[in-house]
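Read through the structure below, which is laid out as structure tokens, and then see the notes.
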Amino acid sequence: MEQKSDANKAMVRRFVEEVKNKRHLEQMGEFFHADYQEHNTTVSSFGPGIEGYKNFLGHLFTAFPEDTLTIDEIVAEGDMVSYRGTESGTHKAEFLRIPATGKSATWTEIQFFRFKDGKIAEHWVDVDIFSWFTQLGIIPPMGG
């Protein structure tokens, strides 16, 4: 079981490096199962399955062209892999109907991936959107 978990973690690391950081969206099929399901409503609003996730990432990369993601910690158990990551970029084009701010931000996220037949079959992502959007000036800072 540990070998399978290690292989799954390695695949998630390759996905982050090849697709997210190097922008090789054409490689999505190498990582995601044909019946892949997205559970984040913002991501899934770009369409179902792999194509929907590809559409979302294309939108993100247009808005944040030098966006980069670092995996800070990654764990696996059974058919699940999760990581805590740090992402950063500069808001240079419209994102989720929000006009470009020209500001840079660094935010954290937690992602979960469920594997089936050696590929990612399900995905959940939770982003610290409050911190991200506060840094961009979209949400006013809280507190005193």
| What is the residue count in the stretch 21-45 for residues that are assigned to a strand (DSSP E or B) and either within 16 Å of PHE112 (Cα to Cα) or open to solvent by less than 50 Å² (accessible area, probe 1.4 Å) (or both)? | 5
| Looking at the stretch 107-121, is at least one residue open to solvent by 20 Å² or more (accessible area, probe 1.4 Å), part of a strand (DSSP E or B) and β-branched (Val, Ile, Thr)? | yes
| remark: Of the residues in the stretch 56-68, those that are in a helix (DSSP H, G or I) and either of a type in the set (A, V, I, L, M) or buried (at least 16 other Cβ atoms within 10 Å of the Cβ) (or both) number 6
| task | Quick one: LYS4 ticks every box in (1) at pLDDT below 95; (2) under 14 Å from the mean Cα position of the chain (by Cα) except a single one, so which number is it? | result | (2)
| field | THR86 being assigned to a strand (DSSP E or B), among the hydroxyl-bearing types (Ser, Thr, Tyr), open to solvent by 20 Å² or more (accessible area, probe 1.4 Å) and within 24 Å of GLU2 (Cα to Cα) | value | no
| request: Filter the stretch 1-20 for residues that are open to solvent by less than 40 Å² (accessible area, probe 1.4 Å) and either basic (Lys, Arg) or in contact with a Leu (Cβ under 8 Å, 6 or more places away or on another chain) (or both) and give the result. | output: VAL16, VAL19, LYS20
| said: Between SER82, SER44, SER104, SER5, which is in contact with a Phe, Trp or Tyr (Cβ under 7 Å, 6 or more places away or on another chain) and among the polar types (S, T, N, Q)? | reply: SER82
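The values are calculated or read from the model by the stated rules, or taken from the named source; none is laboratory data. Model, not experiment: these values are computed from the prediction. Cβ atoms come from the backbone with ideal geometry, glycine included; neighbour counts cover every protein chain shown. Accessible surface areas use protein heavy atoms only, side chains included; no ligands, DNA or RNA. Shrake-Rupley method; radii C 1.70, N 1.55, O 1.52, S 1.80 Å.
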